[in-house]
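Step one of this worksheet: look at the structure below.
The values are calculated or read from the model by the stated rules, or taken from the named source; none is laboratory data. All of these numbers come straight from a predicted model, not from anything done at the bench. All Cβ positions, glycine included, derive from the backbone under ideal geometry; neighbour counts span all protein chains shown.
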Amino acid sequence: MRIASRLYYSAVIVILLFSAVGAGAADQTIVLKAARMFDGKSKALAQNVVVVVQGDKIVDVGSNVAIPSDAKVIDLGDMTLSPGFMDAHTHLTLDFSGDFNKRRLEQLDLNVSEQAIRAVGYARKTVEAGFTTVRDVGSRFVSSREFVDVALRNAINKGVIVGPRMLVATKGIGATGGHFDPTGGFRDFLFGREPDYTDGIANGPDEVRKAVRFEVKNGADVIKAAVSGGVLSLADEVDTPQFTPAEMAALVDESHRLRKKVAVHCHGDQAAHEAIEAGVDSIEHGSFMKPQTVALLKQKGTFLTPTLMASEYIMSKIDQYPPTLQAKAREATAARSEMFRNAVKMGVRISFGTDAAVFPHGQNAKEFALMTGPGMTAIDALKSATSNDAELLGIAQKVGTLEKGKLADIIAMPGDPIADITATERVSFVMKEGKIIRNGTPSMRTAAESTNITDTAAPVD
Ligand SMILES: [Zn+2]
């Protein structure tokens, strides 16, 4: 008995020794040093900071922090550290940039698997641009029942591919003939059947509940719905309501029962008013919201995700869209500037979201300059992409600030983003959950981009 127990204890000690060695190797302490830091919530940048990372977490942060002797020190010099940026409105499985009609045909030509393979590149570009988390609000392939966003999220979580942490919405839910109806604008019955709840198309409160349940069953982290018309859909008007108040109430009730937040695509004022009253968590776009509706948004604490990049990009190449879409884009863009200025003035909670896919993936940070143009301060814009988005996404206990105990999602950009907000477009260091994804030149290039490469610095991965 005594021998047995001695053997047992020896075995335990050996196991403990081995696991201690194992933990040491896996959890090399990394220390990041930089001239400045935005911590995600303070009103000003901190100077000369050190962030200590062990495993996937931040274990210490500040100006007077002892550097562990065994740490690997990365001195980023005249850069600014920030929590990894978040984008609350992306479509990482899609790409609507480029010629509209060509894209429209391409979505009929391309095998969904091929589109999924392209999405792997979009995910990599996004994270290498400093966006370590995205809320991906809609992944739809006409006449396909694939859940490509769920697959992309899972492959990233399992470490199969590199990309941002994704909260996905699967198809998104909308009305027959509305912004989300994938057959809208095509000849009737071209695809052989009317889309139903399995495509995210639902009519009436009960069907809306069924669609929510179906999407959650298939992996949705968040529920997205289109409650008004949109710009890039051919068969609707941009500001018409597309859900009834009863449908919106069912949408919010069912989603919240299942502990999922609700983001609604909404340009129109009436639809926004009804959606805010119904209790949605964020209004996406919000272009035509009148001051009274913006005031209601403020009163209810609902987030506004302005997606200024989307209309900016469309307006920059407006001639390439069909005439009906050109008219919708012009109207929405003209209205949203005043709406956004009002929202900033009234102190509405603003989340950072871009609608990436409308413009090429990886350019998300251009939204910052568009937000500060109409009066938002640089620090508030940075907050919108970090602590605000973390709160909207319901992950603020894990990410969004650089604090002890948080996951080590840390990025760095050259210079001072308060003096020049476009520094956010030049992120060159990206760490996600303690792993360095980029330190210097990005690794992500498509074959077409590779032909122009002169700089061959090895990427850090
Ligand atoms: Zn969108």
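A quick yes/no check of all residues on (1) of a type in the set (Gly, Ala, Ser); (2) touching an Asp or Glu at 6+ places or on another chain (Cβ under 7 Å); (3) modelled with pLDDT of 95 or more:
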| site | (1), (2), (3) |
| --- | --- |
| Gln299 | no, no, yes |
| Leu304 | no, no, yes |
| Ser311 | yes, no, no |
| Lys317 | no, no, no |
| Lys328 | no, no, no |
| Arg349 | no, no, yes |
| Ala356 | yes, yes, yes |
Out of region 170-192, which residues are basic (Lys, Arg) and either surrounded by fewer than 19 Cβ atoms within 10 Å (Cβ to Cβ) or without any contact (Cβ under 8 Å) to a residue 12 or more places away in the chain (or both)?
Arg187
Does region 393-415 contain any residue that is charged (D, E, K, R) and assigned to a helix (DSSP H, G or I)?
no
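Each row is one residue, and each column tells you yes or no for (1) free of Cβ contacts under 8 Å to residues at least 12 places away in the same chain; (2) within 16 Å of the ligand (Cβ to nearest atom); (3) surrounded by fewer than 24 Cβ atoms within 10 Å (Cβ to Cβ); (4) within 27 Å of Ser311 (Cα to Cα).
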site: Asn64; (1), (2), (3), (4): yes, no, yes, no
site: Leu81; (1), (2), (3), (4): no, no, no, no
site: Asp95; (1), (2), (3), (4): no, yes, yes, yes
site: Leu105; (1), (2), (3), (4): yes, no, yes, yes
site: Leu110; (1), (2), (3), (4): yes, no, yes, yes
site: Glu114; (1), (2), (3), (4): yes, no, yes, no
site: Val120; (1), (2), (3), (4): no, no, yes, yes
site: Gly138; (1), (2), (3), (4): no, yes, no, yes
site: Glu146; (1), (2), (3), (4): no, no, yes, no
Restricting region 367-396 to residues that are within 16 Å of the ligand (Cβ to nearest atom) and among the charged types (D, E, K, R), which is surrounded by the fewest Cβ atoms within 10 Å (Cβ to Cβ)?
Glu367
Do any helices (runs of 4 or more DSSP H) lying entirely in region 306-392 carry at least 3 residues that are of a type in the set (D, E, K, R) and closer than 29 Å to Asp236 by Cα, and which ones are they?
323-346
If we ask which residues in region 220-234 are in a loop (DSSP other than H, G, I, E, B) and more than 20 Å from Gly185 (Cβ to Cβ), their number turns out to be 2
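Results for (1) within 28 Å of Leu152 (Cα to Cα); (2) within 16 Å of the ligand (Cβ to nearest atom); (3) more than 20 Å from the chain's Cα centre (by Cα); (4) among the β-branched types (Val, Ile, Thr), shown as yes or no for each residue.
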position: Gly185; (1), (2), (3), (4): no, no, yes, no
position: Asp196; (1), (2), (3), (4): yes, no, yes, no
position: Ile223; (1), (2), (3), (4): yes, yes, no, yes
position: Phe243; (1), (2), (3), (4): no, no, yes, no
Please report, ordered by residue number, the strands (runs of 3 or more DSSP E) entirely within region 25-68 with at least 3 residues that are out of contact with any helix residue (DSSP H, G or I) (no Cβ under 9 Å at 6 or more places or on another chain), within 13 Å of Glu403 (Cα to Cα) and β-branched (Val, Ile, Thr).
46-54, 57-62
Have a look at Arg140, Arg124 and point out the one that is basic (Lys, Arg) and outside any loop (DSSP other than H, G, I, E, B).
Arg124
When only residues in region 127-136 that are among the hydrophobic types (A, V, I, L, M, F, W, C) and within 16 Å of the ligand (Cβ to nearest atom) count, which is farthest from Ser228 (Cα to Cα)?
Phe131
Under 6 Å by Cβ, and 6 or more places apart or on different chains, what pairs join a residue from region 293-305 that is touching a residue at least 12 places away in the same chain (Cβ under 8 Å) and crowded, with 17+ Cβ neighbours inside 10 Å with one that is in a helix (DSSP H, G or I) and among the small types (Gly, Ala, Ser)?
Thr293/Ala272; Val294/Ala343; Leu304/Ala343
Residue check: is Val252 in contact with a Gly (Cβ under 7 Å, 6 or more places away or on another chain), away from the ligand (no atom under 16 Å from the Cβ) and closer than 18 Å to Gly394 by Cβ?
yes
Only one of these conditions is not met by Val231: (1) more than 16 Å from the ligand (Cβ to nearest atom); (2) among the β-branched types (Val, Ile, Thr); (3) at pLDDT below 95. Which number is it?
(1)
Which members of region 150-201 meet the condition of being in a loop (DSSP other than H, G, I, E, B) and under 15 Å from Gly229 (Cα atoms)?
Gly172, Ala175, Thr176, Gly177, Gly178, His179, Phe180, Asp181, Pro182, Thr183, Gly184, Gly185
Filtered residue count, region 340-357, keeping only those that are away from the ligand (no atom under 16 Å from the Cβ) and among the polar types (S, T, N, Q):
1
Which pairs do you get when a residue that is closer than 18 Å to Val264 by Cβ, found in region 352-376, comes within reach of a residue that is small (Gly, Ala, Ser) and buried (at least 24 other Cβ atoms within 10 Å of the Cβ), reach meaning Cβ atoms under 6 angstrom, with the pair 6+ apart or on two chains?
Phe352/Ser384; Phe352/Ala385; Gly353/Ala88; Asp355/Ala310; Val358/Ala310
Before we move on, is His285 in contact with a helix residue (DSSP H, G or I) (Cβ under 9 Å, 6 or more places away or on another chain), over 25 Å from Lys383 (Cβ atoms) and at pLDDT 95 or above?
no
